[in-house]
1. Rounded to two decimals, what is the ratio between the C-alpha radius of gyration of the chain and 2.2 N^0.38 Å?
2. Can you give the FRET efficiency to the nearest 0.05 for Leu75 and Ala165, using r as the Cβ-Cβ distance and R₀ = 30 Å?
3. Give me the 1.4 Å probe accessible area per residue for the chain, excluding ligands and nucleic acids, in Å².
4. Relative contact order of the stretch 54-169: what whole-number percent is it, with Cα pairs under 8 angstrom and at least 6 residues apart?
5. Within the stretch 105-213, report the GluC sites (Glu not before Pro) that DSSP leaves as loop and that have at most 14 other Cβ atoms within 10 Å.
6. Would you grab the residues whose amide H sits under 5 Å from the one on Tyr213? Only those 5+ places off in sequence or on another chain, please, with H modelled 1.01 Å from N.
7. Please compute the modelled spin-label separation between Leu183 and Val20, points set 7 Å along Cα→Cβ, answer in nm with one decimal.
8. Run the numbers on the stretch 130-228 and let me know its relative contact order in percent, using alpha-carbon pairs under 8 Å that are six or more apart.
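The values are calculated or read from the model by the stated rules, or taken from the named source; none is laboratory data. From a predicted model like this one, the values you see are computed outputs, not experimental measurements. Backbone-built Cβ (ideal geometry, glycine too); neighbour counts: all protein chains shown. Ligands, DNA and RNA are stripped out before the accessible areas are found, and what is left, the full protein with its side chains, is counted by its heavy atoms. Shrake-Rupley method; radii C 1.70, N 1.55, O 1.52, S 1.80 Å.
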Amino acid sequence: MLVAAAVCPCPPLLVPEVAVGAAPELDGLRAACDEALAVLTGAAPELIWVVGPGPEHKLFDRGGVGGFQGFGVDLGVALGAGDAGETLPSSLAVGAWLLARAGWQGETRALAVADYLEWELCRENGRELAASAERVGFLVLGEGSARRTLKAPGYLDERAEPFDAAVAAGFAEGELPPLDAELAFELLASGRAPWQVLAGASEQPVGSARLLYDDAPYGVGYFVASWS
């Protein structure tokens, strides 16, 4: 059963060693992530599932390893048992870094979700993960539209801000509605499928939902929320 969840974005710039001189620009975002992780780990889950976007739909049930060497930083991370045969996608590597920063040492597994995964399959995945232990926590990673401003990675799209506003409202209310997968794809919103996995896991009303961060630095929608 799902007992708590933390929602965070997963840009490698979240890691100060990667951001280097720009690191202070995201201090507020990191503080919000720390707060969400404190709620998640404070709920004493038996198992935490890290769910984030990836190039393919892939389960990491024995852990995995990753790092930020591709960004010029010799920093490695491990998720769970850290099976060297499994390489984590970037989003899950950031998730592993966030858990280590929070001091989590309990059981951890992960699921990478491709952006093509339909709502019904996302919901089914969420239900299965939530039923994997009596007390399950979720760390859900992903971003809103990368088309919020003219300087955004995907340039400006006027549909981006309303899309992200609906997502933020869902996190604040503890009930994320089904999202248009095609629109999310066009808006470069990497969090759509992972968020919908969380929605599937949360079949019961969320007791306490808090939206801790809602902004678009660099023209990309970043949200941090805690559900418990």
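1. 0.92
2. 0.30
3. 43
4. For the stretch 54-169, the relative contact order is 23 percent.
5. When the GluC sites (Glu not before Pro) of the stretch 105-213 are filtered for loop state and at most 14 Cβ neighbours within 10 Å, Glu118, Glu134, Glu158, Glu175, Glu203 remain.
6. Val224
7. About 4.0 nm, to one decimal.
8. Reported relative contact order: 35 percent.
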